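The values are calculated or read from the model by the stated rules, or taken from the named source; none is laboratory data. Computed from a prediction, not measured in an experiment: that's the story for all the values here. Don't worry about glycine lacking a Cβ; one is built from the backbone with ideal geometry, like all the others, and counts go over all protein chains shown.
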């Protein structure tokens, strides 16, 4: 079962890496990375079987396979946009909420490159909203879909304390949550199959979260994909 699961994951990643690239050299690079990932995935499966059987060499083999897969992801990765460009999309203020902090950073781990910007908004009464904008440039489309399952599913759940549902925001898929007692609300939107905008509010109405999302230029964010 372990072997089957890992190989299936490899097939999905290989398909994602090879698809959607029109330039011949880029195609070759992606195919090479996909082959390396396929080999690494099979090594991980074999190492998993060794670990199950108590073989200590399986741990080293697993680490080596993970290193190889991380390198393959890195070789095929697209550079994320400068976090300063994401930071520039953060509103100066929201309705009745001044911005108290704006920050950004770029990170890289296991071949996955990520840039993000964060804005915090709060008033003296304790009402606050947090905006985060992420660029998952190195994650291919199908991996993004696996990471953010709400982007490809429809659901609507409600309890006595709140609700959670999939939404479409200006043609983009997302998820909306709200908890009545704590007055916590959240909306996440997937933009151009690459960027994620996450808006969270505390001691707010869900309309406050929606209004905050309205103030972000999502069209400009989507245009960064072409850079």
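Scanning segment 197-212 for residues that are within 16 Å of residue 173 (Cα to Cα) and surrounded by fewer than 21 Cβ atoms within 10 Å (Cβ to Cβ) turns up 198, 210. Of the helices (runs of 4 or more DSSP H) lying entirely inside segment 1-105, those carrying at least 2 residues that are out of contact with any strand residue (DSSP E or B) (no Cβ under 9 Å at 6 or more places or on another chain), modelled with pLDDT under 75 and within 30 Å of residue 117 (Cβ to Cβ) are 2-18, 24-52, 57-75. Restricting attention to segment 150-209, which residues are in contact with a helix residue (DSSP H, G or I) (Cβ under 6 Å, 6 or more places away or on another chain) and on the phi > 0 side of the Ramachandran plot? Across segment 150-209, the qualifying residues are 192, 193.
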